[in-house]
1. Exactly one of these conditions fails for ASN47: (1) of a type outside the set (A, V, I, L, M); (2) more than 30 Å from GLN201 (Cα to Cα); (3) in contact (Cβ under 8 Å) with a residue 24 or more places away in the chain. Give me its number.
2. Take the range 418-442 and flag every residue that is more than 20 Å from LEU486 (Cα to Cα), within 41 Å of the chain's Cα centre (by Cα) and aliphatic (A, V, I, L, M).
3. Looking at the range 245-274 only, could you name the residues that are modelled with pLDDT of 75 or more, open to solvent by 30 Å² or more (accessible area, probe 1.4 Å) and either assigned to a strand (DSSP E or B) or closer than 16 Å to ILE153 by Cα (or both)?
4. Taking ARG379 as the residue in question, decide whether it is at pLDDT below 80, open to solvent by 50 Å² or more (accessible area, probe 1.4 Å), within 27 Å of ALA277 (Cα to Cα) and of a type outside the set (Asp, Glu).
5. Go through (1) surrounded by 15 or more Cβ atoms within 10 Å (Cβ to Cβ); (2) polar (S, T, N, Q); (3) under 17 Å from ILE211 (Cα atoms) for THR126 and report which single condition fails.
6. Applying the selection to the range 36-89, what residues are open to solvent by 10 Å² or more (accessible area, probe 1.4 Å), within 17 Å of ASP310 (Cβ to Cβ), in contact with a Pro (Cβ under 6 Å, 6 or more places away or on another chain) and of a type in the set (A, V, I, L, M)?
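The values are calculated or read from the model by the stated rules, or taken from the named source; none is laboratory data. None of the values given here were measured: they were computed from a predicted structure. Using ideal geometry, Cβ is built from the backbone for each residue, glycine included, and neighbour counts are taken over all protein chains shown. Note: accessible area is taken over every heavy atom of the protein model, side chains too, but ligands, DNA and RNA are not part of it. Shrake-Rupley method; radii C 1.70, N 1.55, O 1.52, S 1.80 Å.
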Amino acid sequence: MYQIYSVMSTLPRPNIAFILSILPSKPGVYQYFDDEGTLIYVGKAKNLKKRVNSYFAKEQSGKVLALVRKIADLKYIVVETEFDALLLENNLIKEYQPHYNILLKDDKTYPWICITKEEFPRIFSTRKKINDGSQYFGPYPSVKMMDTLLELITELYPLRNCPHKLNAQNIASKKTKLCLQYHIKKCKGVCQGLQSSAEYQTQIQEIKELIKGNIHRVLQKLQEQMLAAAQALDFKQAQEYKLKMEALQNYQSKSMIVNPNIHDLDVISIFNQEETAFLNYLKIIDGSIIHAQTLEVKKKLDESEQEVLDSAILQIRERFQSQAPELVLPFAPSYPIPQTLITIPKIGDKKQLLELSQRNIQFYLLEKQKRQDLIDPDRHSKRILFQLKQDLGMQEIPMHIECFDNSNFQGDYAVAAMTVFKNAKASKKDYRHFNIKTVLGANDFASMEEILYRRYKRALDEAQDLPQLIVVDGGKGQLSSAYKILQQLKLENKIFLIGIAEKLEEIYKVGDPYPLLLDRKSESLKIIQQIRDEAHRFGITHYRKKHEKGLIKTELTEIQGIGLETALKLLNHFHSVKAVRQANLESLSAQIGSSKASLVKQYFDTHA
């Protein structure tokens, strides 16, 4: 074991300190090893001295500190250019897969198209990659897309699918019999030497071009073969080539969604989060998107968006075997890529492709959330509430939220409503109405104080569960009134309080002079709006009932012997108190009977 060079936990051990002092200011790759000699991190640098020394600075994130504490040895390799450093870094990461390096998540569940390494190769789909020299194309997130391509290949090219080991010796022995595939013209009988290896390999090369999306080259080749067959008066063969061309053109037309003048380019976009980054890759050949996939990166050392993209470009292009001469990106990489044009589009078709790539990431995230929510139904609620906690700066997740709203008409029939959400869902059995008892006139602030005091004084007296979050409908005034009551009840440090002002949907917090403006599309704002709107609806329903009942009382129920039910019958028929006043005795009797009609007629005649 080496001894620590200093009491500072981030300072290197003596042998590393010596290496740091002699590091050159040149491009290169550095490697960190732990006590057991295991490679734990590989990095590239434009300037080795500056980059490596930066790890041992005093101020570092927790993740970097964890890495530095494990470093027992350091090695470095000097190269000519930063791109050379990137290539070497990529190869070392792929070979050793160090714990602290970011790696694109391997989509083992997605299928690949395999072309076997045989004299007469077979082509099939597989979910397992075996290091036997076979070529793998993919992976294909859409099985339907892959199957369509394989069907096209089967339609265009007669290939063997038997498991026999075929070589010159086995074919010459004639041990293998012709199978059904030959008789239905899906294979040309390579097992009996009826098709040459050269002709078979020509088909395989065309298929590889087709899988890579180079349909134009295959069409060109087929056209040449069709013309040659026609000139040789082999019209049957020429017709076969023509049918193949038509099948290819039909397949191409279905996938043509961009400018056909865009011949060969890659599009990579990125969406960066705190712990994870997501990258989308689009492969464009002759105006068609032939491949699209979203990949996930688990960040190990709080890598920046730039660092993630830099590392991912090579991994993505290598994985999909792309050598496209043009690469469309949201921003420039920190190193040049030889023989590759880097485009950061602002307008036009390439900008639309970049936006499409970015939308694919959002669709991927949405589908991922839905899958996770199906597995864990409560996960959706937990995720929303966790985000709400972060957005509001709360200490606890608000599993229990209560919201208050006042309603009145020029100070009359003042009521209030409380709605309750538990686990991000409405708990209607806990909703409450309040009739304002101590406030005269229209005074929303005093009304808010009354209902909050009554609600939480009773909750304390009865040892009821308290919410983690209170939402009041209104701005600073209502918030101040509510906070005054929480202080009076000594709950100001136990319950988080916010107000929402309806006009601009501004969120006000206690002690913060500036409102918080949440994204209009955010789930945090949506759940606050939802519970506020519920409070509106619930409160207005109660207010209207009380208001209507109050109007009836002042006009009809003051008549001795006339109750609420009789008054409603009269209003339902005559539609207004004025019409009831003007009605004759016969009309009134028809609705409520002669005795009650006499009471109503006598009352209005007396009070005319």
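1. Against the list (1) of a type outside the set (A, V, I, L, M); (2) more than 30 Å from GLN201 (Cα to Cα); (3) in contact (Cβ under 8 Å) with a residue 24 or more places away in the chain, ASN47 comes up short only on (3).
2. Those that are more than 20 Å from LEU486 (Cα to Cα), within 41 Å of the chain's Cα centre (by Cα) and aliphatic (A, V, I, L, M): ALA424, ALA426.
3. Start the filter on the range 245-274 by keeping residues that are modelled with pLDDT of 75 or more, which leaves 245-246, 262-274.
Next cut, open to solvent by 30 Å² or more (accessible area, probe 1.4 Å) only: 246, 263-264, 271-274.
The answer is GLU246, ASP264, PHE271, ASN272.
4. Values: at pLDDT below 80: yes; open to solvent by 50 Å² or more (accessible area, probe 1.4 Å): yes; within 27 Å of ALA277 (Cα to Cα): yes; of a type outside the set (Asp, Glu): yes.
For ARG379, the condition - at pLDDT below 80, open to solvent by 50 Å² or more (accessible area, probe 1.4 Å), within 27 Å of ALA277 (Cα to Cα) and of a type outside the set (Asp, Glu) - is met.
5. Failing condition for THR126: (1).
6. Within the range 36-89, just VAL79 meets the criteria.
This table checks each residue for (1) in contact (Cβ under 8 Å) with a residue 60 or more places away in the chain; (2) closer than 21 Å to HIS536 by Cβ; (3) assigned to a loop (DSSP other than H, G, I, E, B); (4) not aliphatic (A, V, I, L, M).
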residue	(1), (2), (3), (4)
GLY477	no, yes, no, yes
LEU486	no, no, no, no
LYS490	no, no, yes, yes
LEU504	no, yes, yes, no
GLY511	no, no, yes, yes
ASP519	no, no, yes, yes
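Listed here are the residues, each with its yes/no results for (1) open to solvent by 30 Å² or more (accessible area, probe 1.4 Å); (2) at pLDDT below 90; (3) more than 38 Å from the chain's Cα centre (by Cα).
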| site | (1), (2), (3) |
| --- | --- |
| ASP444 | yes, yes, yes |
| ARG458 | yes, no, yes |
| PRO467 | no, no, no |
| SER480 | yes, no, no |
| LEU489 | no, no, yes |
| ILE495 | no, no, no |
| ILE498 | no, no, no |
| ALA501 | no, yes, no |
